[in-house]
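Everything below concerns the one structure shown next.
The values are calculated or read from the model by the stated rules, or taken from the named source; none is laboratory data. Worth saying up front: this structure is predicted, and the values here are computed from it rather than measured. With ideal geometry, Cβ positions are generated from the backbone for all residues, glycine too; neighbour counts draw on all protein chains shown. Just the protein is used for accessible areas: all its heavy atoms, side chains included, with ligands, DNA and RNA removed. Shrake-Rupley method; radii C 1.70, N 1.55, O 1.52, S 1.80 Å.
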Amino acid sequence: MFQYMLAPIEGYTDVSLRRLCFNHGADLTFTEMSKIDAIYKKTASSLKKTLLIDDTPTQIQILPGREDLLQKYLRNFKVSTGFRGFNFNFGCPNPKIKIVGKGAGMIKEITKANRLIKIVKSQGFSVSIKMRVGETLIEKKEKVYLNLIKETDPDFFVVHARSGEDTYKDSVDYSVFPECVDICKSKKIPLIANGNIDTIKIVDELKKVGVNGVMIGRSAVTNPAIFDLLKGNNVPSFDKLKKEYLFLAEKYHSSPRHKKNVLMRIGQN
């Protein structure tokens, strides 16, 4: 079945926005990214990000680092109702993260990626990878990212069709998807497309390429019912979406920062 997913976005996709998008057609959501060392140390921010308090289908997104910390964390991990596995962030373009070999810097680290996947699967949990098409434009041109897809076996890949050097102002390159799809099909691993997906036309074109779903980020913040729109369902007004969000934000005790960010963006272009 074709899947519609809400991307993790720092400062926006807490439980309230995840629930709102799930109520309006998102099949799977993701927490905001947390660093494994912060999770292991149980910092207040990481605890809040990774605590799943309702049944919204959600994967916990981790910025992996030390493997021993991941192992220790998973040994004591308690599964909650909405939990659907873990997601490794291999796509963060922040230079401070890339320079220490994390985020998009992990795309070349196939041996370590396999160890990380094995750690999660050994505990019986699902794991996915969200990645860009190379840490640099040169890596994208040389198709280095295909090696990660060929040589690792997560439960699914999410491929953002930009390199780690591209900004959100740069265009996405959907031409990368056919080769990615071919490799994933040969391994029977689903591939989810990500990057400026905001119309039925784009989704239809990606379906023709053979992707198994789409992940939507910024367009879901401005219109949390975009999943309804793309599925051909009725779409509520922005005023109704704001009221529903406020109800959820009150119910789930969203932070003032999250409420301000989301309410400023709903209905904006």
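Things worth noting here:
- Table column - 3J(HN,Hα) (Hz), the range 215-230, Karplus curve with 6.51, -1.76, 1.60, x for Gly and Pro: 10, 10, x, 4, 5, 7, 6, 6, 9, x, 9, 4, 5, 4, 4, 5
- Solvent exposure, largest accessible area first (probe 1.4 Å, DNA, RNA and ligands not counted), of Glu32, Glu179: Glu179, Glu32
- Sorting the segments 130-137, 227-234, 89-96 by their residues' average number of neighbouring beta-carbon atoms within 10 angstrom, most packed first, yields 130-137, 89-96, 227-234.
- For Arg84, the amide hydrogen comes within under 5 Å of the amide hydrogens of Thr58, Gln59, Ile60, counting only partners 5 or more places away or on other chains and with H modelled in the peptide plane.
- Relative contact order (%) - criterion: Cα under 8 Å, at least six apart; region: the range 25-74: 50
- The value of relative contact order for the range 140-269, using C-alpha pairs under 8 Å at least six residues apart, is 19 percent.
- Amide proton proximity set for Val158, modelled H, under 5 Å, gap of 5+: Ile129, Lys130, Met131, Ile192
- Contact order normalised by residue count of the chain, Cα under 8 Å, 6+ apart, percent: 19
- Cβ-placed point charges (K, R +1; D, E -1), dipole of the chain about Cα centre in debye, nearest 20: 700
- Column: log10 I(q)/I(0), Debye, Cα scatterers of the range 144-259, q = 0.22 Å⁻¹: -1.18
- Using the Karplus relation 6.51 cos²θ - 1.76 cosθ + 1.60 with θ = phi - 60°, the per-residue 3J(HN,Hα) values for the range 135-140 come to 6, 10, 5, 5, 4, 4 Hz, with x marking Gly and Pro.
- Gyration tensor (alpha-carbon) shape descriptor, the range 82-228, a/c threshold 1.5: rounded
- Considering all different alpha carbon pairs of the range 27-89, the Kirkwood hydrodynamic radius works out to 11.7 Å.
- About the centre of its Cα atoms, the range 106-206 shows a dipole size close to 440 debye [charges on the beta carbon of Lys, Arg (+1) and Asp, Glu (-1) only; nearest 20 debye].
- Its Cα centre serving as origin, the range 91-132 has a Cβ charge dipole (Lys and Arg +1, Asp and Glu -1) of approximately 60 debye.
- Note on the chain: GNM, Cα springs under 10 Å; of Leu116, Leu52, Leu74, the largest mean-square fluctuation is that of Leu74.
- Among Gln61, Gln71, Gln123, the residue with the largest mean-square fluctuation in a Gaussian network model of the chain, with springs joining Cα atoms closer than 10 Å, is Gln123.
- Amide H contacts of Ala7 (H built 1.01 Å from N, under 5 Å, at least 5 apart or other chain): Ile216, Gly217
- Listed values for the range 84-100 are Karplus-derived 3J(HN,Hα) couplings in whole Hz (6.51 cos²θ - 1.76 cosθ + 1.60, θ = phi - 60°), namely 10, x, 10, 10, 8, 8, 10, x, 4, x, 4, x, 5, 7, 5, 5, 9, and x replaces Gly and Pro.
- Percentage, to the nearest whole number, of Cα pairs in the range 1-159 over 25 Å apart: 27
- Proximal charge balance of Met33 [Cβ under 10 Å; K/R count +1, D/E count -1]: +1
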